[in-house]
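Written below as structure tokens is the structure these notes are about.
The values are calculated or read from the model by the stated rules, or taken from the named source; none is laboratory data. All values reported here derive from a predicted model rather than from experimental measurement. Cβ coordinates were reconstructed from backbone atoms using ideal geometry, including for glycine residues, and neighbour counts include every protein chain displayed. Just so you know, the surface numbers come from the protein's heavy atoms only, side chains and all, with ligands and any DNA or RNA stripped out. Shrake-Rupley method; radii C 1.70, N 1.55, O 1.52, S 1.80 Å.
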Amino acid sequence: MSVHASQQPRITVRKLKEMKAQGEKIACLTAYDVSFAQVLDNNGVDVVLVGDSLGMVVQGLETTLPVTMDEMVYHGQAVSRGLKHAFLILDMPFMSDATIEQAVANAGRFMKQAGANMVKLEGGADQKELVSTLTRLGIPVCAHIGLQPQRVHKLGGYRVQGREPDMAESMLEDARVLEQAGADMLLLECVPAELAAKITRQSTIPVIGIGAGSACDGQILVLYDVLGISAGKIPRFSRNYMKPSADIAGAVQLYVDEVRRGLFPGTEHSF
Ligand code: KIV
């Protein structure tokens with residue numbers, strides 16, 4: 001199943017919303033350079049995220065916190081050059097959205113200099129004003145809730161979020177507020193599958209999950225986990241697709257196929 005990106009129209013926010021409405025699953029992966037971006041684009045990936053996970057998987061840092069705007073723009077430009085079909089999201093790095101003014105300047109830089117189609121930012125209802133400001137300026141936003149790696153020190157570690165009833169209720173409310181503020185996409189990281197399913201049902205915008213169960217409208221993984229080249233233990237919610245595949249293109253195609261058919265994630269990848 002080789003899908004030639006040049007024959008496919010460019011994915012848009014509108015197309016992603018149609019996919020949700022039609023129950024067509026959205027396959028997303030991270031990328032950090034042009035070569036991998038081309039492989040993803042040629043093999044059916046709908047959305048490519050230049051995540052600040054690049055701090056960990058490319059730079060060898062312990063957390064995503066030191067990643068800078070310049071680094072994100074550099075990697076964003078490289079990935080952007082490799083995409084003809086897929087939708088490109090860039091991650092706002094830690095402190096780049098500390099004030100509305102900084103966030104507007106930095107998100108604008110992603111759109112103008114790095115070819116982003118959307119920016120992703122971590123935070124719940126507290127990001128309402130920022131999301132509505134970016135929306136007013138025509139900058140599509142993906143709001144990242146659940147486990148927010150940029151808040152790892154505040155959270156006291158990387159753990160599943162929303163297990164307790166009050167936390168689950170407040171995440172449902174975060175999702176409602178962010179959609180009302182204008183977010184065009186939600187990303188749920190490490191959220192119990194049942195809660196993620198409720199958020200997906202209540203939202204009219206696409207909900208993408210990582211460690212959030214199979215009911216989400218789409219799935220995302222860190223590319224290097226999928227290729228089995230991340231240092232250390234692969235997270236429970238991920239899967240090494242190189243094991244059953246002959247090459248990288250085959251691994252990406254298998255991931256896309258399993259996401260589309262609702263085979264990934266299985267219960268063993270969910271909480
Ligand atoms: O930075 C990143 O790669 C992410 C994914 C884990 C969704 O935010």
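Here are a few things to note about the model shown:
- Cross-link pairs exceeding 29 Å between alpha carbons, from the set K25/K84; K128/K198; K112/K154: K112/K154.
- Residue-normalised accessible area of the chain, expressed per residue, 1.4 Å probe, Å²: 43 Å²
- Linear extension gain, E173 paired with V34, 0.36 nm per residue minus alpha-carbon span: 46.3 nm
- Most mobile of L83, L223, L61 in a GNM of the chain (Cα contacts under 10 Å): L61
- Computing FRET efficiency as 1/(1 + (r/R0)^6) for K17 and A231, where r is the C-beta to C-beta distance and R0 is 45 Å, gives about 0.75.
- Translational diffusion coefficient (Stokes-Einstein; Kirkwood radius from C-alpha pairs) of the stretch 64-122 at 4 °C, 1.567 mPa s, in µm²/s: 113 µm²/s
- Over all Cα atoms in the stretch 6-78, the spread is summed up by Rg and Dmax: 14.3, 40 Å.
- Listed by chain and number, the aspartates and glutamates whose alpha-carbon sits under 15 Å from that of K17, ignoring those within fewer than 8 places in the same chain, are D46, E179, D184, D217.
- Accessible surface, 1.4 Å probe, highest first, among residues F94, F87, F36: F94, F36, F87
- Accessible surface of the chain, 1.4 Å probe: 52 percent of it comes from carbon and sulfur atoms.
- Between D225, D126, D174, the GNM of the chain built on Cα springs shorter than 10 angstrom shows D126 fluctuating the most.
- The calculated FRET efficiency for Y158 paired with Q8, based on their beta-carbon distance and R0 = 30 Å, is about 0.25.
- Cα centroids of the stretch 240-271 and the stretch 73-133: 28 Å apart.
- The calculated FRET efficiency for the pair R201 and D257, based on their C-beta separation and a Förster distance of 30 Å, comes to about 0.75.
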